[in-house]
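The values are calculated or read from the model by the stated rules, or taken from the named source; none is laboratory data. This is a predicted model, so every value here is computed, not measured. Here Cβ is always computed from backbone atoms with ideal geometry, including for glycine, and neighbour counts include all displayed protein chains.
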Amino acid sequence: MLNKDAKEEVLIEGELLSQSLASLTSWHIGGIAERLYYPPDVEKLSHYLNTLSLEKPITWLGLGSNVLIRDGGIKGAVICTRQLQELYQQADGSIVAQAGVTCAKFARFASARGFADAVFFAGIPGTIGGALAMNAGAFGGETWEWVEAVTMINRQGQFTKRSANEFDVGYRSVRSKQGQPLQEAFIEGIFRFPLRQHTEGKNSIRELLRKRSSSQPIGTLNCGSVYRNPPGDFAARLIEACQLKGHQVGDAIVSPKHANFIINLGHAKARDVEALMEIIEISVLSQFGIKLFAEVKILGQKED
Ligand SMILES: Cc1cc2nc3c(=O)[nH]c(=O)nc-3n(C[C@H](O)[C@H](O)[C@H](O)COP(=O)(O)OP(=O)(O)OC[C@H]3O[C@@H](n4cnc5c(N)ncnc54)[C@H](O)[C@@H]3O)c2cc1C
């Protein structure tokens, strides 16, 4: 729950106190952030981190399309990167995108410059920062296939440029070479694609989005795939085989269209989603002996 002392603390410029996070997520679910900050540029972000007490935990948020924020909210500071919007091509052909650039905008920008391999980004409804953190992928493409380097920021607000080979990258996972969770956040990615103009960018973006809306419950409140696919199988197939399509807890329901999606029908709480996830995990484990692992990141505190 929200720290009662928060209002007595000194506000750092641009910071908001006690903000609901529900509207910042694609599920429209989530409690209150003790502190919320939208850095308008990377210099101000660096200053913010440098000013914020080191005791305050930090949570990074892009477009909130892969997070379940618990009903008790998030302690410390939530930093939402949406305003970090620089996107340009360098003289050597590489593309630089700041963390808050949407993947859709990035796909349009890159494909308009003849980089057909970037088209898959159009199907990911998040930011470049989120795509870097998750190694997001769609239609056979994955974010880190195309990353040359990234700029990171640490807890003290210092920047470091790192090359892609400094990371251990896997299916929806990016860790340090020692296999540890990253201690720094992504400020920008530098991407290099081969020139492949034979695919007509806009048309193939349209085609990809058309395919997507025929198989997924587009237009509903969801977070995309809730679970990672287990090796050699599909989480959706397993959940469907457990007869869980349409299963509901409160206002959270397993999508009748795609079993790896949980939809908020309007008033679902995080506790409803977590209860539904528990039913799914127990059912799949007892029926198939397979343990499902969440792809969605569960953040914050449970309600008291
Ligand atoms: C309808 C739908 C379809 C989807 N389809 C796909 C798909 O095909 N493929 C796929 O991979 N994903 C898919 N997703 C999930 C989601 O869009 C991706 O994981 C996306 O990359 C998340 O980006 P975001 O900006 O929304 O990140 P958020 O949800 O805001 O954050 C996700 C995680 O990344 C961390 N993070 C965010 N920004 C940063 C940063 N700058 N530095 C460090 N950490 C950061 C957060 O702390 C959190 O742990 C889908 C989601 C929806 C709603």
List the residue pairs whose Cβ atoms are under 6 Å apart, where the first residue sits in segment 68-80 and is under 19 Å from Leu45 (Cα atoms), the second is surrounded by fewer than 24 Cβ atoms within 10 Å (Cβ to Cβ) and polar (S, T, N, Q), and the two are 6 or more positions apart or on different chains. Val78/Thr59
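Which one is farthest from the ligand (Cβ to nearest atom) among residues in segment 213-236 that are without any contact (Cβ under 8 Å) to a residue 60 or more places away in the chain and small (Gly, Ala, Ser)? Give the steps one after another, and end with the answer.
Pass one, segment 213-236, residues without any contact (Cβ under 8 Å) to a residue 60 or more places away in the chain: 213-220, 229, 231-236.
Add one more test, that the residue is small (Gly, Ala, Ser), and what stays is 213-215, 219, 232, 235-236.
Working: Ser213: 10, Ser214: 13, Ser215: 11, Gly219: 9, Gly232: 19, Ala235: 13, Ala236: 12 Å.
In this case the residue turns out to be Gly232.
Return the total of residues in segment 124-161 being of a type in the set (Lys, Arg) and surrounded by 14 or more Cβ atoms within 10 Å (Cβ to Cβ). Spell out how you get there, then give the answer.
We begin by selecting, within segment 124-161, every residue of a type in the set (Lys, Arg); these are 155, 161.
Going one step further and asking which of them are surrounded by 14 or more Cβ atoms within 10 Å (Cβ to Cβ), we end up with 155.
Count: 1.
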Kindly indicate the residue of segment 94-120 that is in a loop (DSSP other than H, G, I, E, B) and away from the ligand (no atom under 14 Å from the Cβ) and also modelled with the highest pLDDT among those meeting that condition. Ser94
Considering only segment 250-273, state which residues are surrounded by fewer than 18 Cβ atoms within 10 Å (Cβ to Cβ) and outside any loop (DSSP other than H, G, I, E, B). Arg271
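Residue-wise test of (1) outside any helix (DSSP H, G or I); (2) farther than 16 Å from Gly300 by Cβ; (3) touching a Cys at 6+ places or on another chain (Cβ under 9 Å).
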position: Leu16; (1), (2), (3): yes, yes, no
position: Trp27; (1), (2), (3): yes, no, yes
position: Leu36; (1), (2), (3): yes, no, yes
position: Glu43; (1), (2), (3): no, yes, no
position: Asn50; (1), (2), (3): no, yes, no
position: Ser53; (1), (2), (3): yes, yes, no
position: Ser65; (1), (2), (3): yes, yes, yes
position: Val78; (1), (2), (3): yes, no, no
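So that you can scan it fast, the table gives a plain yes or no per residue for (1) crowded, with 23+ Cβ neighbours inside 10 Å; (2) in contact (Cβ under 8 Å) with a residue 60 or more places away in the chain; (3) assigned by TED's automatic domain parsing to the domain that holds Asn135:
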| site | (1), (2), (3) |
| --- | --- |
| Leu17 | no, no, no |
| Ser23 | no, no, no |
| Pro39 | yes, no, no |
| Leu45 | yes, yes, no |
| Asn50 | no, yes, no |
| Lys56 | no, no, no |
| Gly93 | no, yes, yes |
Among the residues of segment 144-156, count how many are more than 20 Å from Thr127 (Cβ to Cβ) and part of a strand (DSSP E or B). 0
Does Gln89 satisfy the condition of being closer than 22 Å to Leu21 by Cα, surrounded by fewer than 22 Cβ atoms within 10 Å (Cβ to Cβ) and more than 8 Å from the ligand (Cβ to nearest atom)? no
